[in-house]
Amino acid sequence: MRIKEGFVLRTICGQHVVSGEGTANVNFSKLVSLNESAAYLFQKVGNGAFTPETLADLLLEEYEVDRETALKDAENLCAQWKEIGIAE
Amino acid sequence: MEGNRDRRVSQGTDRQFFALLRSGLWNEVPERAPFAVGTDWEALYRLAFEQTVVPLVTDGINRLPGEFLPAEPERLDPFLGDLMMTAQRNRLLDGFIPGLFSALQGIPVVLIKGQALAQDYPDPERRQPGDIDLLLLPSSYEAAKDVLLPKATKVLEEEREIWHQGMRFRSIEVEVHGSIGTLMSRKLDRKLAALLEQQFDGRPFPQVTVGGVGIPVPDADFNAVYVFVHFLHHYWSGGVGLRQFVDWMTFVSVHKRDIHPVILEKRLADLGLLRIWKVFTGFAQEYLGCPAEKLPLAAEPDAGKDARIWRYIRRCGNFGKNVDRTRKKEPFLVRKVHSFWRLVVADRLRHFPVFPQESIRFFLGAFGYGLQRLANGE
């Protein structure tokens, strides 16, 4: 899985927002706000490929959380990003 | 009592709105004092939306210290959503324009208004876009239609008397204009038609980069007058949003060095618009924070006139959207009497204290045009 080309994270008015900035994303009409941990993961994965396991590892590096919870959160996040259309 | 409180809230929102708009326009940290009393974010969004300047205001919010932002971040979602959508829409329109001009190769045509003026904004993606406007001479009008209409996904109703043809290319609306008439006064429109002829006298046009390609636009001397007249036409005839005012102010402040002051003054005086121009330069300074030295032919602000101008713009909203126009089901004559009253009499009475001579002049001009349209059954 990876973040689709053209989607970038911006911090505006104190909020982390994903915006579709490529010409391929001109019809993307959703406002995607990320919380702190999701924004951290979005930045960390950049343009690279990732799996729920990769994200869980990143969460364990930054937050005090057990592996099972981190993996569950990471799986949910991957599913959400795919459903919203910012990851493929 | 309730009314007083409403007015105080409204004035507070107005002050916050202008503090944020000025911040967005001039890349400055917004004034903090208006936010000390708390912010009605919904009212602020509504005002920015009505005036079609949400992205500029959002830029201002982005510069506010955290303590002035709402405790519930989702209250800013409408601002952020509009900011994102505006940027995307601008990219869509800008990407479409080079192909449009390529199709019209060989026909003298320039890009006007929206996407051309957006390039002068602090960030071109912050201007809320509408359609794509093309300007040419009446003699090129049919040729442009012949090229574009077969490619359009929808052809809109033509307004032949003002050389205006709209069309859609999926979600993108394009308007071809063969005239810059205002329907405010025949004399004014005749002089504007002569200016348009001069503009297309065979000299090469300046270009702005849109969608990565150089696109022809009118020269700065013409555009300073045209953008002003376009704004004025809407101001005078039913409503204008601050976006159009910002378009004019931004254009003349960015291009001040390209605008010849003697030519501008002569043209405005000839069109009978010099006094109005000067009053609006005062409003630009007083409400939008534009330094006088950035404005050609700037005059001192007049607090009373400026307040009246803002009250009128606030009441009308962009293109008069705040004014009731749902009278389509009424009989023809009732509608005509109502629109005559509102557009020709009531609005001009409101303009009278600020522009007394011009109100009389344009009242007579609109009256003449109105009678002709009535006679034509339009």
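No lab work stands behind these numbers, since they all come straight from the coordinates. Everything quoted here is computed from the prediction, not taken from an experiment. Because the Cβ atoms are built from the backbone with ideal geometry, glycine has one as well, and the counts that use them run over all protein chains shown.
What is the sum of charges, Lys and Arg at +1 and Asp and Glu at -1, for the other residues whose Cβ falls under 9 Å from the Cβ of B:Arg314?
On the way: positive: B:Arg311, B:Arg315; negative: B:Asp14, B:Glu50.
With Lys, Arg at +1 and Asp, Glu at -1, the net is 0.
Build a GNM of chain B with springs between Cα atoms under 10 Å: which of B:Glu197, B:Glu161, B:Glu50 gets the top mean-square fluctuation?
B:Glu161
Give me B:Trp163, B:Trp248 sorted ascending by neighbouring Cβ count inside 10 Å, so fewest comes first. Each step should come with its number before you reach the end.
Values: B:Trp163 20, B:Trp248 23.
In order of increasing Cβ crowding within 10 Å: B:Trp163, B:Trp248.
How shielded is B:67-79 by partner chains, expressed as the average number of their Cβ atoms within 10 Å of its Cβ atoms?
2
Counting Lys and Arg as +1 and Asp and Glu as -1, what is the net charge of the other residues whose Cβ lies under 11 Å from the Cβ of B:Phe231?
+1
Could you give the dipole magnitude of chain B about its Cα centre, charging the beta-carbon of Lys and Arg +1 and that of Asp and Glu -1, in debye to the nearest 20?
Working: 50 positive and 47 negative charges, 227 e Å.
The dipole of chain B has a size of about 1100 debye.
Give me Rg over Rh for region B:105-213, both radii from the alpha carbons and Rh done the Kirkwood way, two decimal places.
0.96
When only alpha-carbon atoms count, how far does the protein assembly as shown stretch along each of its three principal axes, as whole angstroms with the largest first?
Rounded to whole Å, the extents work out to 80, 62, 51 Å.
In the structure shown, do any of A:Lys30/B:Lys113; A:Lys4/B:Lys151; B:Lys113/B:Lys294 have a Cα-Cα gap over 26 Å, and if so which? All intermediate terms of the calculation are to be shown ahead of the outcome.
Numbers: A:Lys30/B:Lys113 28 Å; A:Lys4/B:Lys151 32 Å; B:Lys113/B:Lys294 20 Å.
Where the Cα-Cα span goes over 26 Å, the pairs concerned are A:Lys30/B:Lys113; A:Lys4/B:Lys151.
Have a look at B:Glu300, B:Glu173, B:Glu330 and tell me which one the Gaussian network model of chain B (Cα, springs below 10 Å) gives the largest fluctuation.
Result: B:Glu330 has the largest fluctuation of those listed.
Which aspartates and glutamates, if any, have their Cα less than 20 Å from the Cα of B:Lys336, not counting same-chain residues under 8 positions apart?
Cross-link targets: B:Glu159, B:Glu161, B:Asp324, B:Asp347, B:Glu378.
Starting from one equal scatterer on each C-alpha and no solvent at all, send me the Debye-based log10 I(q)/I(0) for region B:1-71 at q = 0.11, 0.15, 0.18, 0.28 Å⁻¹, two decimals.
For the requested q values the scattering log ratios are -0.24, -0.44, -0.62, -1.36.
If the only charges are +1 at each Lys and Arg Cβ and -1 at each Asp and Glu Cβ, what is the size of the charge dipole of region B:1-71 around the Cα centre, to the nearest 20 debye?
140
Would you mind checking the tilt of helix A:36-45 against the longest principal axis of the Cα atoms of chain A, expressed as 0 to 90 degrees and rounded to 10?
So the inclination is approximately 80 degrees.
Give me Rg over Rh for chain B, both radii from the alpha carbons and Rh done the Kirkwood way, two decimal places.
0.96
What angle do you read, to the nearest 10 degrees and between 0 and 90, between the alpha-carbon axis of helix A:52-62 and the longest principal axis of chain A?
The angle comes out near 70 degrees.
Residue farthest toward the positive end of the dipole of region A:7-84, with Cβ of Lys/Arg at +1 and Asp/Glu at -1: which of A:Phe50, A:Ser37, A:Ile84?
Among A:Phe50, A:Ser37, A:Ile84, the one farthest towards the positive end of the dipole of region A:7-84 is A:Ile84.
Is the C-alpha gyration tensor of region B:219-323 telling us rounded, prolate or oblate? Criteria: a/c under 1.5 is rounded; beyond that, a/b larger than b/c is prolate, otherwise oblate.
It is prolate, given that a/c is not under 1.5 and a/b is the larger ratio.
With a/c under 1.5 counting as rounded, go ahead and sort chain A into rounded, prolate or oblate using the C-alpha gyration tensor (a ≥ b ≥ c being the square roots of the eigenvalues; past the cut-off, prolate if a/b is larger than b/c, else oblate).
Cα axes put chain A in the prolate bin.
Placing +1 on the Cβ of each Lys and Arg and -1 on the Cβ of each Asp and Glu in the protein assembly as shown, which of B:Ala143, B:Gly365, B:Pro216 has its Cα farthest towards the positive end of the resulting dipole?
Of the listed residues, the answer is B:Gly365.
Give me a single rounded figure for B:52-65: the average over its residues of other chain Cβ atoms within 10 Å of their Cβ.
Whole-number average of other-chain Cβ neighbours for B:52-65 is 1.
Of the residues B:Leu20, B:Leu288, B:Leu274, which exhibits the maximal mean-square fluctuation in a Gaussian network model of chain B defined by a 10 Å Cα contact cut-off?
Most flexible of the set in this elastic network: B:Leu274.
Which residue, chosen from B:Ala19, B:Leu195, B:Gly289, occupies the Cα position most advanced towards the positive end of the dipole of the protein assembly as shown, where the dipole is computed from +1 (Lys, Arg) and -1 (Asp, Glu) charges on Cβ about the Cα centre?
Final value for the positive-end residue is B:Leu195.
What is the mean projected area of the alpha carbon convex hull for region A:32-76, to one decimal in square nanometres?
For region A:32-76, averaging the hull's shadow over all directions gives 3.1 nm².
If you place +1 on the Cβ of every Lys and Arg and -1 on the Cβ of every Asp and Glu, how big does the dipole about the Cα centre of region B:206-336 come out, in debye to the nearest 20?
So the dipole magnitude of region B:206-336 works out to roughly 880 debye.
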